[in-house]
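Chemist: Structure provided below as structure tokens; questions to follow.
Any read-out appearing in this document is the output of simple, stated calculations on the displayed coordinates, not a laboratory observation. Just so it is clear, the structure is predicted and the values come from calculations on it, not from any experiment. With ideal geometry, Cβ positions are generated from the backbone for all residues, glycine too; neighbour counts draw on all protein chains shown.
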Amino acid sequence: MLLDVLNWRYATKKMDPARTVPEEKVARILAAAQLAPTSSGLQPFEIIVVTNAELRAQIRAAAWDQAQITDGSHLLVFAAWDNYTEARIDALVAQMSAERGGTSEAVTAYYDRLKEMYLPRPAEVNYEHAARQAYIAFGTALAQAAEEQVDSTPMEGFDPDQVDAILGLRARGLRSVTLMPLGYRAAEGDWLAGLPKVRRPLAELVTRRD
């Protein structure tokens with residue numbers, strides 16, 4: 001069950017470079033991220049899967065030399081839209097119409113109102129909103145990785161501008177948000193392996209208003 005695999009996973013600090021995550025497992029992790037909920041269904045992000053050794057070495061240098069980036073077999077880069085645009089929103093409406101056999105007036109009106117709200121806002125506000133949506137997919141992918149018994153390490157410790165430049169993201173209207181190396185924990189050398197999972201007690205984390 002989900003709680004069991006969440007208890008199994010941890011932010012792996014040392015991965016075994018000799019082991020490769022099978023592509024079918026990576027595909028299911030990506031599918032879970034694809035199915036994650038996002039605001040208005042816009043999915044305002046992309047996931048860049050980096051396996052190229054040279055690119056991962058460059059990204060490692062831009063990420064405080066975190067070895068999991070090169071010792072894992074895959075690196076997922078979650079990159080959010082830099083802004084909402086009419087074209088991006090219209091593309092979703094067109095896809096919805098094609099896959100559902102048409103679009104109702106209510107749906108069209110909903111996305112017209114959305115454009116009226118989003119498009120006048122500063123690009124940075126829209127990027128921050130898109131980044132929060134990317135995090136929903138990111139968390140879902142972490143959970144699916146655990147379900148697959150694949151180790152992962154959530155990372156915010158990197159220079160986004162450098163990563164954007166390495167992957168050519170700004171030219172595509174994207175900005176890197178977070179990184180997720182995928183691999184398998186090394187048998188030795190991981191100071192975090194085997195330590196009890198520490199979380200705030202539910203009594204402190206959850207407030208009930210019955």
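Chemist: So which pairs qualify, if the first residue must be in the range 179-197 and within 26 Å of A33 (Cα to Cα) and free of Cβ contacts under 8 Å to residues at least 60 places away in the same chain, the second must be in a loop (DSSP other than H, G, I, E, B) and of a type outside the set (F, W, Y), the Cβ gap must be under 6 Å, and the two must be at least 6 apart or on different chains?
Modeler: If the second residue must be in a loop (DSSP other than H, G, I, E, B) and of a type outside the set (F, W, Y), no pairs are left.
Chemist: Hey, another quick one. Of everything in the range 5-34, what is under 20 Å from Y135 (Cα atoms) and of a type in the set (G, A, S)? Give them in sequence order.
Modeler: Once the filter is applied, which keeps residues that are under 20 Å from Y135 (Cα atoms) and of a type in the set (G, A, S), the range 5-34 yields A11, A27, A31, A32, A33.
Chemist: Kindly state which helices (runs of 4 or more DSSP H) lie completely within the range 66-131 and contain at least 2 residues that are in contact with a Lys or Arg (Cβ under 9 Å, 6 or more places away or on another chain).
Modeler: Qualifying helices (runs of 4 or more DSSP H): 68-71, 86-100.
Chemist: How many residues does the range 41-91 hold that are surrounded by fewer than 20 Cβ atoms within 10 Å (Cβ to Cβ), among the hydroxyl-bearing types (S, T, Y) and in contact with a strand residue (DSSP E or B) (Cβ under 8 Å, 6 or more places away or on another chain)?
Modeler: 1
Chemist: Sticking with this one: Give the residues of the range 164-184 that are farther than 22 Å from A141 by Cα and either among the hydrophobic types (A, V, I, L, M, F, W, C) or buried (at least 23 other Cβ atoms within 10 Å of the Cβ) (or both), sorted by residue number.
Modeler: A165, I166, A171
Chemist: Go through the range 112-163 and give me each residue that's free of Cβ contacts under 8 Å to residues at least 24 places away in the same chain and either touching a strand residue (DSSP E or B) at 6+ places or on another chain (Cβ under 8 Å) or buried (at least 19 other Cβ atoms within 10 Å of the Cβ) (or both).
Modeler: Hits for the range 112-163 are E156, P160.
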